[in-house]
1. I need a count of the residues in region B:231-257 that are within 8 Å of another protein chain (Cβ to nearest Cβ) and at pLDDT below 80.
2. Report whether or not residue B:436 is open to solvent by less than 50 Å² (accessible area, probe 1.4 Å) and in contact (Cβ under 8 Å) with a residue 60 or more places away in the chain.
3. Run down B:208, B:204, B:177, B:171 and say which single residue is open to solvent by 40 Å² or more (accessible area, probe 1.4 Å), more than 14 Å from chain A (Cβ to nearest Cβ) and under 21 Å from residue B:264 (Cβ atoms).
4. State all residues of region A:17-47 that are open to solvent by less than 60 Å² (accessible area, probe 1.4 Å), more than 7 Å from every other protein chain (Cβ to nearest Cβ) and at pLDDT below 75; if no residue qualifies, say none.
5. Kindly evaluate residue B:135 against the criterion of being more than 14 Å from every other protein chain (Cβ to nearest Cβ), buried (at least 24 other Cβ atoms within 10 Å of the Cβ) and over 28 Å from residue B:244 (Cβ atoms).
6. Please go through region B:679-691 and give me each residue that is free of Cβ contacts under 8 Å to residues at least 60 places away in the same chain, of a type outside the set (S, T, N, Q) and surrounded by 14 or more Cβ atoms within 10 Å (Cβ to Cβ), ordered by number.
7. Does residue B:639 satisfy being at pLDDT 85 or above, among the polar types (S, T, N, Q), within 30 Å of the chain's Cα centre (by Cα) and assigned to a helix (DSSP H, G or I)?
8. Within region B:808-900, which strands (runs of 3 or more DSSP E) (wholly inside it) include 2 or more residues that are at pLDDT 85 or above, in contact with an Asp or Glu (Cβ under 7 Å, 6 or more places away or on another chain) and not assigned by TED's automatic domain parsing to the domain that holds residue B:715?
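The values are calculated or read from the model by the stated rules, or taken from the named source; none is laboratory data. Computed from a prediction, not measured in an experiment: that's the story for all the values here. In this analysis, Cβ positions are derived from the backbone assuming ideal geometry, glycine residues included, and neighbour counts consider all displayed protein chains. For the accessible areas, the whole protein counts, side chains as well, though only heavy atoms, and no ligand, DNA or RNA atoms are used. Shrake-Rupley method; radii C 1.70, N 1.55, O 1.52, S 1.80 Å.
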Amino acid sequence: MKEQVSPQFLDRRSYRRKRLIDAARLLPLFGAVLIFQPIPLLFIPSGGGAVTLAVYLFVLWLGLIVSAFLLARRLGRNAAAD
Amino acid sequence: MLSFNILVLVATLYVGLLFGVAWAADRRARRGQLGWMRSPVVYTLSLSIYTTAWTFYGAVGSAVRNGFEFLAIYLGPTLVFVGWWWLLRKLVRVGRSQRITSIADLLSSRYGKSAMLAVIVTLLAVVASTPYIALQLQSVARSFSAFASRGGTGIDPPDVNVTAFWLAVGLAVFTILFGTRSIDVNERHHGVVTAVAVEAVVKLVALLTVGIFVVWGIAGGAGDILQRISAADLNTASASGNRWVALTFLSATAIICLPRMFQVTVVENSDERHLETASWAFPLYLFLMSLFVLPIAVVGLAELPAGSNPDLFVLTLPIAHKQEALAMLVFLGGFSSATSMVIVAAIALSTMVSNHIVMPLWLRMRRPTAEISGDVRDVLIRSRRLSIAAILALGYGYFRFTGGSEALASIGLIAFTGVAQMLPVLVGGLFWRGATRRGAIVGLLAGFAVWAYTLFLPSFEGSWLMSADTIANGPWGIALLRPQGLLGIMGVDPLVHALVWSMGVNTVLFILVSLVSFPSPLERMQGVQFVNVFEHSSGQGPKGNVAVEADDLLVMAQRIMGNVTALRLFREVAREQGKGDGLPDPTPEFVDRLERELSGTVGAATAHAMIGQITGGTTISVEDLIAVADEAAQIMEHSAQLEAKSRELARTARQLQVANEKLRELSIQKDSFLSQISHELRTPMTSIRSFAEILRDSRDLSDEQMRRYSGIILDESIRLTRLLDEILDLSVLENGQVTLERATGRLSEVIDKAISATVIPGQDARLKINVSEEADKIEITTDLDRLAQVFINLVSNARKYCDARDPRLQIRVGRDEDRIVIDFIDNGSGIPERHREIVFEKFSRLSDASAAGSAGLGLAISREIMRNLGGRIEYLPGQGGAAFRVTVPVSPPEPSHGVN
């Protein structure tokens, strides 16, 4: 494989795009960690009631969806501007 | 009350509506008017076949039994879609660039087009999907009977088996009608996808409506529901621990590996950017689908009589509250979930079965007479249809066999674990170039075997293949081999146990075998194509398969076939299509035909690749490239052969030219020879004739005169005879017909003989001849008389032409290893350089003055003699006078030489 020479400094938009991709990659990892529930386990010793748990999970879920929406929109717009 | 008949009627009408939608969508697609059918919304909705009847009905049941567990089934796919940049993006790109038709095709293609891998994956998929299909039949059949038993209209609840049977038949018909209409290169089914999208809306609306009815109709709003949830004894521990993690992982895996999910996510994808929308919209869909699961579960537990099947709460709650219309909507929602899943699964599985099992077998069976493309197409469609029927029959058979006794969720999870076995091979194939075919096969088979042993067979609870005793105590009582407690690990949830073991064994073997085995060249090339797919393909979506521009095709065809031929073809097709003078529509038939025509010019593979570039927008696969390379190699070989032939021809032509040149020279020589001969013969003949006339006509001749004239006639006749002799001699020598008489003698004797022969009696021998003494010592074996003839010629030439006042001839003799060299050097003025070659030609005389009695054949004859003797004679320049060198071999030439 030929070694690709990539520029060391990207212009602002390319830089922004790379960070957006980083965020898109990190989002599921972040989500996975939270789904496996460190926060209820750590901070609510009894494990919390069913309502707390349900609210936690659904809010987390919605948060993931909104983040994905924002990222996808910005990535799409960014790609279209290229 | 809803009567059962109305239920059947509504269901039938609904199915009719779906038929209509699918038919209209197919028609639009074939006319190239894709429009909204290729929108990201339809794509996202088609993904909803993930939520089958299992989740539609079973989620509430799962919530009742296991608390939060049902959420894991949705959270896994959410993570996968939110993280689309990792895997789905690559998967879709690979699927498009390699023209992938199924997950079996993907894996087989990645691992060097391995047919065996494709068969394994197909079988695995069929085995894992059959229970799942049975599950759908079961849930629809149950919802029917739930209706009927509550209907109280006097009609007996229909037999569940009968309902399931007719459902299976109906689904098979629908799938065959819309799933096998066209065998498209891209395997896209616009009609089916559109119908599935409609069903997705129906089931979402149904579930949301029930949820709203339950929260605000039955319970007292959100606050009340939250109170009820916290009051209900829900299992909160289910949302943590290894089963929670395992289920999240399983569902995440399933959304990638389930054949039907692969079908809608990758194969039916028409634009990569749709993934961007689906990345949040599909999780949102799942979110909405599960939002009301907990409320329905807690309300159902509270409102419905104890012992009600929680799997049917969604349906039984509205029925219990006399909400017929709502119940009907729910029924349709559940019906939609089941049918869309079964249809897409059947399409995906039938594609795999017919492409990877039926067709290879069929082609192998009739290999000698294959090659009929239309025939193959028919067979392909027929095998798809049979496969669909067979898959649904299998599902129905499984349903009858298990008797529909199990809880819905467990069947679904067993299937998930089965298809999850493809994940290591799939992910490894996409991200690791070192993954090999052997590794993939070993890993898959091992994982599959462990899955079957630890989860699938025990799920029959001892009624099939594996006895209850084996499940409890291990085969032959070996506790270490207990299916649900391998190596004595007990007390673990059977699903987690099976998942960890099967995936662990699968992954480890896959990696180990890959590390130690060596991939074939094709595998390695495909590996690069897959792993580095973003470097090898562009992200631009195609312009759509059907919407090919006829002018694009025309431009390409003109470039290859030439203007006239291409235009003629296009006009012909346009007339056939009834379009008069315009360009023809790029129908599949036309594109096929064009490809055939082009392949006549550039080869099949190249033509396919070129047409594919325009119509499919896909990149060329390695297989295509190899085929193109083959054709190119053939063409190169042909051209090399042609080149060699033309070189040969050129050589022959050159040889012919040389021969021709020689012939012409010879002809010129002959002509001049003839004219010279006639000239030479004419001179003596003229004098003979004139003196003969004088003798005849003059009467007063004195005796003296008569004697003189007769003497002249005699002399001229002798000269004539000698000339003819010489010519004959030369001709014999030149033709090589001379017979050499070999003898051994001393060279000095030959020279002496020659000298004495040149002395004309009565003439003054002015020439002084000096022979070197070495001639005495040299013995020579050759035709001595002929050699003497050459010497005589040279000596008499010296006598005749040496113009020195005191003429002298030096004869020097020398000897090499195998040759004798005799030089004849006189002290005359020699021969000018420009005449040195000519003297050896026939009839060449440098000056007529001294040519008395010579025809100019002497040196020519000498040269021929020497040639026959295996030696040569040449002029020796720079010796002060005329000098000739005669070279003779010591030993005689081969006898054959004389013959030639």
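1. First, the residues of region B:231-257 that are within 8 Å of another protein chain (Cβ to nearest Cβ): B:232, B:234, B:236-237, B:239-240, B:244-245, B:248.
Pick out the ones that are also at pLDDT below 80 and you get B:232, B:234, B:236-237, B:239-240.
Final tally of qualifying residues: 6.
2. yes
3. B:177 is the lone residue from the list that is open to solvent by 40 Å² or more (accessible area, probe 1.4 Å), more than 14 Å from chain A (Cβ to nearest Cβ) and under 21 Å from residue B:264 (Cβ atoms).
4. A:38, A:40, A:44
5. No.
6. B:681, B:684, B:685, B:688, B:691
7. yes
8. Numbers: elements: B:808-815, B:819-826, B:872-875, B:883-889.
The qualifying strands (runs of 3 or more DSSP E) are B:808-815, B:883-889.
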